[in-house]
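Read-outs: derived from the displayed coordinates by stated rules, not from any lab. Because the structure is a prediction, the values reported are computed rather than measured. Cβ placement follows ideal geometry from the backbone for every residue including glycine, while neighbour counts extend to all protein chains displayed.
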Amino acid sequence: MLLNFSSLFKHTKQIGAISPDGRFIAISIDERLTIRNQETLKIVSIFETPYTSKPEISEIAWSPDSNLIFTANYKENRMHIWAVFGDKKKYNLGIVDEVQDIQAARWSPRGDSILTWSEFKLRLTIWNLVDGTQKYIQYPKYFKKGIAFHPKGSFMALLQRLEHKDQIGIYSTHSWTCVKMIPIDTIDSQGLECIGVLKQEFSISENELGIQTVAWSPLGEYIAVGGYNQKVWLLNNVTWKPIATFSLKSNITAPRVEILKETPTGSKYLNNQGAFTSEPNITEFEQSLSPATVEKSFSADLSKPELKTGISNISFNADGSLKVVWSPVDSEVVSFVTGNSQLYMWKYPAGAYGFHSAADNLEFTQFQWNSNGSSVLLFDKNVFTVATIP
C-alpha cells in the first residue's frame, strides 16, 4: 500500500513533534520526554523532566538545528533545554521567570535564544543561551501570535500595545534592541508578516465581521485573506487587489465545482511513483459537480476550545499554486484527518482517497508531515502512529 502504518505508541495530550531535519520524533509521556528515530521508531533518548503538575509537559519545541529541544510546564513556571544525545538525567539549562509567570515560549530563528511571554502579556523576555543574559520587550499584544521574523532571521517584527494603540516594533535579533517603532491605523491588529515597504491596504466591507487570518504564498505572488464570513480573498502582488474569491459555505452555488463524497469501500492507492493503482482497504470518493449542499459532520473535542466561525487556517502548497494542508515536497498532494481511523489524501488530478490504519477504533485529530515528505505523524487521543510512504 501507499502508507505503511507503524505500531501504536502512547503519548500525553498529543504533545509531540518531528524534528526540523526529519530524523527524530519527540513525544511526551507524563513527565518523560521520549526521542525516537523517525525511520526505525527505536528509542534514542528518554529524559526525565522534574515537573509534577499535570499535564507534566505543557509544550515541547525543537531548535532549528534539531540538536536541542525544550520542555515547558507553564503551571510550574519552568522550562528546560535538553540535548538530544546529552545526559539522560540532566538538562542543559533551566529557565524560571521569578518576576512573572511564563505563559508561552518559542525558539529564535538562529536557535541561540528562547523567547517567553509573561502572564497578562506584560513583557516578552529573550533568554540568551550562549551568555545567559536576558533582554525584555514590554507589552506584546499576543502570546506567540503577532510576531514575524525577517527571512534571514536578522530582524523581528512584534505587535505591541503601547499607550492604548497598536504599534509594530522592529528589533535586531543580534542585540534585541528596538530599531524602529511604527504606529499603525488598525483598530485591533490580529497578525503581521514581513514584507518591506507598505504597498497597499485591504479591508473587508463594513457589513462583514472582519479578517480572521492571512497567509503568503511561498513565492510571494499571492496573499490569501480569510474572513469570519466563510470567504477567502486572493490578492496578487501587482495590483494588490482581489483576483478571486472563494466561499466555504455548505451551499455551493458556483458552477462546476467538483464535489467528493466518501464511499464505504474502495480499491485504489497511491504508489511511490505518484500513481493510483488497485489495492483493497482503501476508501474511494464519488465525484459530482455543483450546485450542491455539503453535509456537515462534526464531533466536538471537549478537551479543546471551541472553534470560532470563519476561516481559521490558510496554507499554500509547496509551489504556491494550490491551497490547504499540503505535502511539504509534492505540490499536488494534500492530506487531512476527520476524527476517524483514516488519513485522507487528495492528489491532482487523480482525486481523493482514504487510507485505513490497522485499528478501526482510532480517532485521528492531529497530524504532522515530515519535512522530507516521507512520512506522517498521526495522533489519536491516547496513541500515535507513523504512516510511511514506501
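Between Leu41 and Tyr348, full extension at 0.36 nm per residue minus the direct alpha carbon distance yields a gain of 107.4 nm. The value of relative contact order for region 1-120, using C-alpha pairs under 8 Å at least six residues apart, is 16 percent.
With the simple model of a label 7 Å out from the Cα in the direction of the Cβ, Gln138 to Lys381 spans 4.7 nm.
Highest mean first, how do 123-135, 225-237 rank when packing is the count of other Cβ atoms within 10 Å averaged over residues?
On the way: 123-135: 14.8, 225-237: 17.8.
Descending mean neighbour count gives 225-237, 123-135.
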